[in-house]
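Participant: Below you'll find the structure I mean.
The values are calculated or read from the model by the stated rules, or taken from the named source; none is laboratory data. Remember, predicted model here, so these are calculated numbers, not experimental data. We place every Cβ from the backbone using ideal geometry, glycine too, and count neighbours over all the protein chains shown.
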Amino acid sequence: MTERSAGSYLVTTPEQMERLGQRAAGGLNPGLLVFLSGELGSGKTTWVRGVLRGLHYDGPVKSPTYTLLEPYYLQDFAVYHFDLYRIESANEVEFLGLRDYLDSAGVCLIEWPERAQALLPEPDCRIEFLHDDNGRRLIVDCLSDAGEVLCVSMG
């Protein structure tokens, strides 16, 4: 798959990161796969929290670093938030049942996808979260029609 479009966003506060996630929520459709890459503390979970707030989820949103998966069941579809940071081998992903989630009608947001790259399909969108002198920089690459909808919604 070839890259369709890309964007870069400078975010200086956690509130801005959450608002960017809220805008992204308008571009989520069932079956979407998004990879979220970046160092610890770069804003991945804050962005996901914004996505969920944009989808009118009012409950707590926490990092799935220790649980590996946090599912959110919404009115129209589910959002599955994975964090593969603690995965030591790609085979551990098989025990999570990740393929079942990828084949579902939910949205999969996967932090640290590089830990299981060999077992994951090509994403619809890849977002890299980078530390920047002024805050955080997000580099967004859209890789499918569905990913393009997400990129446009982040605007």
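Participant: For Asp58, work out the one condition from (1) surrounded by fewer than 20 Cβ atoms within 10 Å (Cβ to Cβ); (2) in contact (Cβ under 8 Å) with a residue 12 or more places away in the chain; (3) not basic (Lys, Arg) it doesn't fulfil.
Facilitator: Of the numbered conditions (1) surrounded by fewer than 20 Cβ atoms within 10 Å (Cβ to Cβ); (2) in contact (Cβ under 8 Å) with a residue 12 or more places away in the chain; (3) not basic (Lys, Arg), the odd one out for Asp58 is (2).
Participant: Every residue in the range 86-110 that is among the hydroxyl-bearing types (Ser, Thr, Tyr) and more than 19 Å from Cys125 (Cα to Cα), please.
Facilitator: Scanning the range 86-110 gives a single hit, Ser89.
Participant: Of everything in the range 97-155, what is part of a loop (DSSP other than H, G, I, E, B), on the phi < 0 side of the Ramachandran plot and out of contact with any helix residue (DSSP H, G or I) (no Cβ under 9 Å at 6 or more places or on another chain)? Give them in sequence order. I'd like the intermediate steps shown before the answer.
Facilitator: Initial filter on the range 97-155 (part of a loop (DSSP other than H, G, I, E, B)): 97, 103-106, 112, 120-124, 133-134, 143-144, 155.
The next check asks that each one be on the phi < 0 side of the Ramachandran plot; those that pass are 103-106, 120-124, 133-134, 143-144.
The answer is Asp103, Ser104, Ala105, Gly106, Glu122, Asp133, Asn134, Leu143, Ser144.
Participant: Would the range 127-143 turn up any residue that is of a type in the set (Phe, Trp, Tyr) and farther than 19 Å from Pro71 by Cβ?
Facilitator: Here is the first cut: in the range 127-143, the residues of a type in the set (Phe, Trp, Tyr) are 129.
Next, from what is left, pick out any that are farther than 19 Å from Pro71 by Cβ: 129.
Among the residues of the range 127-143, at least one is of a type in the set (Phe, Trp, Tyr) and farther than 19 Å from Pro71 by Cβ, which makes the answer yes.
Participant: Next question, about the same structure. Just to check your reading of the model, which residue among Ser37, Ser42, Ser63 is in a strand (DSSP E or B), of a type in the set (Gly, Ala, Ser) and closer than 25 Å to Arg137 by Cα?
Facilitator: It is Ser37.
Participant: Kindly indicate the residue of the range 77-96 that is part of a loop (DSSP other than H, G, I, E, B) and at pLDDT 90 or above and also farthest from the chain's Cα centre (by Cα) among those meeting that condition.
Facilitator: Within the range 77-96, the match that is farthest from the chain's Cα centre (by Cα) is Phe77.
Participant: Scan Arg115, Arg126 and give me the residue that is in contact with a strand residue (DSSP E or B) (Cβ under 9 Å, 6 or more places away or on another chain) and among the basic types (Lys, Arg).
Facilitator: Arg126
Participant: Among (1) touching a Pro at 6+ places or on another chain (Cβ under 9 Å); (2) in contact (Cβ under 8 Å) with a residue 60 or more places away in the chain, which single condition is Tyr80 missing?
Facilitator: For Tyr80, the failing item is (2).
Participant: Kindly indicate which of Thr12, Thr46, Thr67 is surrounded by fewer than 15 Cβ atoms within 10 Å (Cβ to Cβ), within 15 Å of Leu109 (Cα to Cα) and of a type in the set (Ser, Thr, Tyr).
Facilitator: The match here is Thr67.
Participant: Suppose we filter Ala146, Ala118 for residues that are in contact (Cβ under 8 Å) with a residue 24 or more places away in the chain, crowded, with 17+ Cβ neighbours inside 10 Å and out of contact with any Phe, Trp or Tyr (no Cβ under 8 Å at 6 or more places or on another chain); which single one remains?
Facilitator: Of Ala146, Ala118, the one residue that is in contact (Cβ under 8 Å) with a residue 24 or more places away in the chain, crowded, with 17+ Cβ neighbours inside 10 Å and out of contact with any Phe, Trp or Tyr (no Cβ under 8 Å at 6 or more places or on another chain) is Ala146.
Participant: For the subset of the range 15-43 comprising residues that are in contact with a Pro (Cβ under 9 Å, 6 or more places away or on another chain) and closer than 26 Å to Ala118 by Cβ, which member is surrounded by the fewest Cβ atoms within 10 Å (Cβ to Cβ)?
Facilitator: My answer is Ser37.
Yes or no, residue by residue, for (1) in contact (Cβ under 8 Å) with a residue 12 or more places away in the chain; (2) touching an Asp or Glu at 6+ places or on another chain (Cβ under 6 Å); (3) of a type in the set (S, T, N, Q); (4) closer than 19 Å to Leu150 by Cβ:
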position	(1), (2), (3), (4)
Thr45	yes, no, yes, yes
Gly54	yes, no, no, yes
Thr65	yes, yes, yes, no
Leu74	yes, no, no, yes
Val93	yes, no, no, no
Asp103	no, no, no, no
